[in-house]
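Colleague: Take this structure, written in structure tokens, and hold onto it; I'll ask about it next.
The values are calculated or read from the model by the stated rules, or taken from the named source; none is laboratory data. Just so it is clear, the model here is predicted, and its values are computed rather than measured. FYI the Cβ positions are ideal-geometry reconstructions off the backbone, even for glycines, and counts take in every protein chain you see. Heavy atoms of the whole protein, side chains included, go into the accessibility calculation; ligands, DNA and RNA do not. Shrake-Rupley method; radii C 1.70, N 1.55, O 1.52, S 1.80 Å.
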Amino acid sequence: MAGRFPVLMYHRLESPACPVTLAGERKWAIPAGRFEVHMRGLRESGRQGVSMAQVHHRLCAGEAIPATWVAITFDDGNASDYRHALPVLAGHGFHATFFVCGERVGAELSPGELRSMHEAGMHIGSHAMRHRFLTTLDPADEEAELVQSRRTLEQLLGAPVTHFAPPGGRWSSRTREALRRAGYEAISTSRYGFNPDDSARFAYCRLPVLGATSSGTFDAMVNRRRYRLFAGYARAAAIAAARSVLGESGYGRARNAGRGAL
């Protein structure tokens with residue numbers, strides 16, 4: 001009987017060296033020390049941190065994901081990826097996928113730092129060029145975001161970049177076709193939940209690790225205990241319904257009015 005595996009979604013790791021200066025990013029940040037606790041706990045429980053490249057390759061080969069595997073991803077391309085996440089992951093022999101915005105290379109992350117992450121065995125994916133919500137763009141601008149970011153990262157790394165994560169989790173059927181034309185093989189979405197561990201797919205679900213994520217919730221994520229994540233599933237369903245009814249711009253206004261309640 002098939003099971004399910006988790007893909008963790010991190011963003012910023014906060015520390016005095018990597019402060020969070022924008023209020024809108026605070027909910028997505030966790031203390032760097034907490035990330036180290038998370039990874040140490042995975043290692044001590046016999047689990048292995050892996051990248052989406054490892055996951056997708058194994059599933060495409062017709063092999064199931066081992067029960068010990070936990071996929072780890074980071075979005076945006078923040079300075080803390082190199083300063084904090086890389087040494088912790090490498091210290092435990094883990095791999096992860098870092099979805100990087102093209103415009104953040106040279107700003108948050110230097111080209112040399114990103115190359116060092118790649119050379120250390122980390123998997124680099126695209127997070128578009130400028131972190132614009134793809135569903136708000138016209139077709140030409142959307143395609144440019146996907147093509148330019150891939151070209152920028154591939155030229156820097158000298159390696160293929162075939163995995164993608166949509167900024168803000170916003171994407172559509174049009175995005176899917178544009179991604180395929182641009183040569184991407186898989187997308188890590190913001191859709192909440194686990195993934196079947198015996199079949200490859202183009203779009204994978206993820207579980208967000210936020211500043212408010214408790215140790216109990218994190219434990220439920222890595223132990224595949226779906227029944228303990230009811231609140232997360234309920235919130236995701238409410239957000240999806242709000243976007244469907246209000247549209248992207250209406251949802252954004254409602255969210256701002258509610259100060260992030262949605």
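Colleague: I'm trying to understand the selection: among the residues of segment 224-234, which are assigned to a loop (DSSP other than H, G, I, E, B) and in contact (Cβ under 8 Å) with a residue 60 or more places away in the chain?
Modeller: Within segment 224-234, the first condition is being assigned to a loop (DSSP other than H, G, I, E, B), and the residues that meet it are 224-225.
Of everything in segment 224-234, just one residue is assigned to a loop (DSSP other than H, G, I, E, B) and in contact (Cβ under 8 Å) with a residue 60 or more places away in the chain, namely Arg224.
Colleague: Something else now. Would you tally the residues in segment 54-84 being at positive phi and exposed (fewer than 15 other Cβ atoms within 10 Å of the Cβ)? Walk me through it before giving the result.
Modeller: Filtering segment 54-84 down to residues at positive phi leaves 62, 76-77.
The next check asks that each one be exposed (fewer than 15 other Cβ atoms within 10 Å of the Cβ); those that pass are 62.
Final tally of qualifying residues: 1.
Colleague: Going by the conditions given, is Pro87 surrounded by fewer than 22 Cβ atoms within 10 Å (Cβ to Cβ), under 22 Å from Arg34 (Cβ atoms) and over 18 Å from the mean Cα position of the chain (by Cα)?
Modeller: Spelling it out, Pro87 is indeed surrounded by fewer than 22 Cβ atoms within 10 Å (Cβ to Cβ), under 22 Å from Arg34 (Cβ atoms) and over 18 Å from the mean Cα position of the chain (by Cα).
Colleague: Any residue that is outside any helix (DSSP H, G or I), within 22 Å of Met117 (Cα to Cα) and in contact with a Leu (Cβ under 7 Å, 6 or more places away or on another chain) - is there at least one of those in segment 142-162? Steps first, answer last, please.
Modeller: The initial filter retains those residues of segment 142-162 that are outside any helix (DSSP H, G or I), namely 158-162.
Within this subset, residues satisfying the condition of being within 22 Å of Met117 (Cα to Cα) are 158-162.
So of that shortlist, the ones also in contact with a Leu (Cβ under 7 Å, 6 or more places away or on another chain) come out as 161.
There is at least one residue in segment 142-162 that is outside any helix (DSSP H, G or I), within 22 Å of Met117 (Cα to Cα) and in contact with a Leu (Cβ under 7 Å, 6 or more places away or on another chain).
Colleague: For segment 127-151, how many residues meet the condition of being in contact with an Asp or Glu (Cβ under 9 Å, 6 or more places away or on another chain) and either among the polar types (S, T, N, Q) or open to solvent by less than 10 Å² (accessible area, probe 1.4 Å) (or both)? Full working, then the answer.
Modeller: To start, the set of residues in segment 127-151 that are in contact with an Asp or Glu (Cβ under 9 Å, 6 or more places away or on another chain) comprises 127-137, 149.
Subset that is either among the polar types (S, T, N, Q) or open to solvent by less than 10 Å² (accessible area, probe 1.4 Å) (or both): 127-128, 134-136, 149.
Number satisfying all stated conditions: 6.
Colleague: Return the only residue of Ser15, Ser45 being open to solvent by 50 Å² or more (accessible area, probe 1.4 Å) and either closer than 24 Å to Leu114 by Cβ or not aromatic (Phe, Trp, Tyr) (or both). If you could, list the steps in order and put the result at the bottom.
Modeller: Working: Ser15 fails: open to solvent by 50 Å² or more (accessible area, probe 1.4 Å).
Unique residue meeting the criteria: Ser45.
Colleague: Note down all Cβ pairs under 9 Å where the first residue falls in segment 116-138 and is in a helix (DSSP H, G or I), the second is of a type in the set (Ser, Thr, Tyr) and open to solvent by less than 30 Å² (accessible area, probe 1.4 Å), and they're at least six residues apart or on different chains.
Modeller: Leu134/Thr175; Thr135/Thr175
Colleague: Going through Arg176, Arg170, Arg181 one at a time, which residue ends up being over 19 Å from the mean Cα position of the chain (by Cα) and farther than 20 Å from Ile65 by Cα? I'd like the intermediate steps shown before the answer.
Modeller: Numbers: Arg176 fails: over 19 Å from the mean Cα position of the chain (by Cα); Arg170 fails: over 19 Å from the mean Cα position of the chain (by Cα).
The conditions single out Arg181.
Colleague: Can you report the number of residues in segment 171-223 which are among the polar types (S, T, N, Q) and part of a loop (DSSP other than H, G, I, E, B)? Give the steps one after another, and end with the answer.
Modeller: Quick first cut of segment 171-223, residues among the polar types (S, T, N, Q) only: 172-173, 175, 188-190, 195, 199, 213-215, 217, 223.
With part of a loop (DSSP other than H, G, I, E, B) added as a condition, the list becomes 172, 199, 213-214, 223.
Matching residues across segment 171-223 total 5.
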